[in-house]
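What follows is a set of notes on a single structure, which appears directly below.
Just so you know, all these numbers are worked out from the coordinates, no wet-lab data involved. Here the structure is a predicted model, which means the values were calculated and not measured. Neighbour counts run over all protein chains shown; Cβ positions are idealised from the backbone, glycine included.
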Amino acid sequence: MWFKKFSPRFLPAVMFGILILGGGYLLIKKLQSYPAKPGENIVPISSPSDTGDFPEIDSIVPPSGPIGTVIEIGGVNFNGFEGDLNAWIENEQGVKGIIRGEAGSSATVIKFVLKSSYCKKDTSYSGLACSGYLAVIPGKYKIYVEPWGNKSNETIFTVKEK
């Protein structure tokens, strides 16, 4: 039989391996069932690209206006890294600028006041100064969100003269 050829000196190593694997399994099960405490922030460990929950814009209100217009983008799955709630505005030449969601923004609504210029690059985590700006002048602009690198559908906003 096979166990007659089994050397007793390997028995401690086999037992140790079983103990480690079993203990690791039990620890993982315990951590998976650990309930959150009230008020504890739970941060998802997966991005929308992992789960298939891509961002989608359903509405933009109003669809046009001058600089200073309060705008609301409605849809789903807008929240990005560390809870970022940003959108992008892109002119007809393909130059884009980042719009930072303001107070009242959420995973389903991004609120902001249309400004006359936006930084062309997201420098929020680098701490670097903005190196170039998109000037917002009257015309048509694409607006979209791109959390976790997943670009939503585009909606059109028309910037009007004051």
Seminar exercise, completed: Counting only residues in region 89-133 that are in contact with a Gly (Cβ under 7 Å, 6 or more places away or on another chain) and closer than 20 Å to D58 by Cα, the one surrounded by the most Cβ atoms within 10 Å (Cβ to Cβ) is identified as I110
Exercise. How many residues are within 17 Å of T69 (Cβ to Cβ) and small (G, A, S) if we restrict to region 122-145?
Worked result: 2
For this session: Being out of contact with any Ser or Thr (no Cβ under 8 Å at 6 or more places or on another chain) and farther than 17 Å from V76 by Cα is the filter here, so list the residues in region 139-162 that pass it.
Result: I156, E161, K162
